[in-house]
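Working notes, structure below.
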């Protein structure tokens with residue numbers, strides 16, 4: 001089967017633009033009848049068992065062109081890197097969900113993308129985590145391929161946007177809602193007018209959104225974030241970008257640019273292989289540690305800077 005694409009809104013060099021989104025990621029019809037919504041997850045919360053990476057969406061909501069509620073799909077669990085498909089239970093299955101809402105339960109989940117398929121075969125749409133990242137939401141580097149860059153054969157891997165109803169984790173939003181066509185058939189206009197953020201709203205409550213954009217709050221980072229490190233050899237995933245962003249949030253990160261971002265302090269340190277300087281760091285994958293190199297009395301000393309329980313590697317080859 002040949003691979004097809006639809007236009008979507010994603011991160012290009014210098015800002016958001018049009019990318020080729022895999023058409024095969026759009027959900028297929030299934031019972032009950034109504035609009036189908038497929039959500040792909042990047043990073044999910046780690047429980048007591050470091051291999052238990054599940055999260056849970058509370059519900060998915062559909063609204064018509066007048067922004068009137070037309071139905072919802074009940075919550076489902078999803079594992080890290082997995083996708084889950086919802087079918088909105090509508091009294092009129094063919095009525096278009098012009099707006100789609102997503103609410104998350106008390107497990108922090110990082111959304112890579114959301115694909116919407118309309119029951120009447122009119123164009124759907126694809127919302128990506130790059131949009132949330134550009135619209136003042138908490139984000140982290142993604143690890144899920146969603147398509148290709150238009151002018152090359154390079155994989156398009158969007159960032160992921162955090163949602164979580166557990167307020168103690170300090171995630172900005174528990175729910176989101178977006179206009180389907182703005183990131184589908186009208187995406188050219190959305191990008192051309194720089195309206196990426198105009199058609200998505202976020203809310204703090206775990207339910208159907210009725211409010212305004214949430215303000216950012218600062219909270220202590222939970223243990224499951226503190227004890228995790230992500231490394232990447234994907235050229236577009238840079239520790240500098242993550243560290244210099246006011247809205248990025250998540251585990252510590254070693255980027256393809258050869259830098260380490262200590263997320264609790266937003267402190268950027270070079271790998272010794274990148275810059276052979278005093279205070280550079282080395283990464284020991286076997287021991288799951290970050291070593292800091294320093295010179296004391298003309299002697300080189302390596303000390304453990306941080307230790308981790310879980311390490312995840314993002315790669316184009318995976």
List every residue pair whose Cβ atoms sit under 8 Å apart, with the two residues 6 or more apart in sequence or on different chains, where the first one lies in segment 121-143 and is in the same structural domain as residue 234 (by TED's automatic domain parsing) and the second, anywhere, is at pLDDT 90 or above.
none
For segment 183-194: of the residues being part of a helix (DSSP H, G or I) and in contact (Cβ under 8 Å) with a residue 60 or more places away in the chain, which is nearest to residue 108 (Cα to Cα)?
183
Every listed condition ((1) under 19 Å from the mean Cα position of the chain (by Cα); (2) part of a loop (DSSP other than H, G, I, E, B); (3) surrounded by fewer than 23 Cβ atoms within 10 Å (Cβ to Cβ)) holds for residue 201 save (2)
If I filter segment 219-241 for residues that are exposed (fewer than 11 other Cβ atoms within 10 Å of the Cβ) and modelled with pLDDT of 85 or more, do I get at least one hit?
no
Tell me, please, whether a residue that is closer than 21 Å to residue 144 by Cβ and modelled with pLDDT of 75 or more can be found in segment 60-73.
yes
The correct count of residues that are assigned to a loop (DSSP other than H, G, I, E, B) and modelled with pLDDT of 90 or more in segment 147-178 is 3
Counting only residues that are free of Cβ contacts under 8 Å to residues at least 60 places away in the same chain, give me the strands (runs of 3 or more DSSP E) lying completely in segment 275-318 with at least 2 of them.
281-284, 289-296, 299-307
Pick from 108, 174, 115: which is closer than 22 Å to residue 264 by Cα and touching a helix residue (DSSP H, G or I) at 6+ places or on another chain (Cβ under 6 Å)?
108
Of all residues in segment 61-96, which are in a loop (DSSP other than H, G, I, E, B), crowded, with 20+ Cβ neighbours inside 10 Å and within 23 Å of the chain's Cα centre (by Cα)?
80, 88
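The values are calculated or read from the model by the stated rules, or taken from the named source; none is laboratory data. Since we're looking at a predicted model, the values are computed, not measured. All Cβ positions, glycine included, derive from the backbone under ideal geometry; neighbour counts span all protein chains shown.
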